[in-house]
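One structure is given below, encoded as C-alpha cells.
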Amino acid sequence: MTKKTPEEVRNDRENGRVVIKWDDGSGRSYPYDDLRNACPCAGCRGHAPGEVEPPNVSGVTLTQIAEVGTYALRFDFSDGHNTGIYTWTYLEEIGQPLIA
Ligand SMILES: [Zn+2]
C-alpha cells in the first residue's frame, strides 16, 4: 500500500476549515474546531486511554500551518495550542470527505 501525501494544504478561512487535496485526487476537509479537538498531543490525549479529558473547544481559528518534516503538519490555534503533530495517516482518519 502506498501512502497518500498531500498535494495541497489550504487554510480556508472563509469557511473556517482546512482543506487538504491528496495525491490520489481525493480531498478532505477539517473544520477548525474538529481539528483542535482531535489534537493528538500527549496533553490532549494522555499517555493512556482515559487519563485526560479530550479537548472540547469551539470557536477556535487557525493562525498558522507548519510542515513537520515530510510526514506531518502542526497547527497553531487561536487558543494558543500548537503541540499536536498531525501525521498524514492521522489526517486521513479524522477528515471529512470533501464534496467538490
Ligand atoms: Zn493537544
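Residues of region 39-79 with an amide N closer than 14 Å to a point placed 7 Å from the Cα of Thr5 along the Cα-to-Cβ direction: 67-73. Build a GNM of the chain with springs between Cα atoms under 10 Å apart, and of Val18, Val60, Val68 the one that fluctuates most is Val68.
The Cys residues in the chain with no partner Cys Cβ within less than 4.7 Å of their Cβ are Cys41. Averaging the sequence gap over all C-alpha pairs within less than 8 Å and six or more residues apart, then dividing by the number of residues, gives the chain a relative contact order of 24 percent. For Thr83, Thr70, the sequence from fewest to most other C-beta atoms within 10 Å is Thr70, Thr83.
Every number here is computed from the coordinates shown, using simple stated rules; none is lab data. If you're wondering where the values come from, they're calculated on a predicted model, not measured in any experiment. Cβ: placed from backbone, ideal geometry, glycine included. Neighbour counts: every protein chain shown.
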